[in-house]
Amino acid sequence: MMQQQNMQQQGIMQKPPAVVTTKDQLYLTDMLSWNLLAMKKAHFYASQCQDQEIKAQLDQVGQMHHQHYQKILTHLGSGQQSQSSSQFQ
C-alpha cells in the first residue's frame with residue numbers, strides 16, 4: 001500500500017527523457033564493460049574446459065552476455081537516431 005502511494009506521488013515516466021545525464025552515461029558504460037568482461041571470461045573458461053557439457057554451458061553464457069552487450073548498443077543507437085532526427089524537424 002505504501003509503495004503504491006509512493007509511485008503515484010512520483011508519477012510514472014511514460015517516455016524516457018531526451019537527455020542522458022553524466023551519471024546515466026557512466027552507468028551505461030559500466031553495463032557495457034560488465035557484459036564484455038563476462039563474455040570474455042566465459043569464452044576463456046570454455047576454451048580451458050575439458051568437460052563438453054560445462055564447455056557448452058560456458059559458451060551459452062558468453063553468447064548471452066554478447067546479446068546483452070549488443071542490445072544495450074542497439075538501444076543507445078536508436079536513442080541517438082531519434083534525437084538527431086528530431087533536431088532536423
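Annotation: amide H-H contacts under 5 Å for Cys49 (H modelled 1.01 Å from N, sequence separation of 5 or more, or interchain): none.
Protection proxy ranking of 20-29, 56-65, by the mean of other Cβ atoms within 10 Å over each peptide's residues and highest first, is 56-65, 20-29.
Can you work out the FRET efficiency for the pair Ser47 and Thr21, with r the C-beta to C-beta distance and R0 = 41 Å, to the nearest 0.05? Computed FRET efficiency for Ser47 and Thr21: 0.55.
Values quoted throughout were computed directly from the atomic coordinates according to the rules given, and no laboratory measurement underlies them. The model shown is predicted, which means the values in this text are computed figures rather than measured ones. Neighbour counts are summed over all protein chains in view; Cβ atoms, including those assigned to glycine, are modelled from backbone coordinates with ideal geometry.
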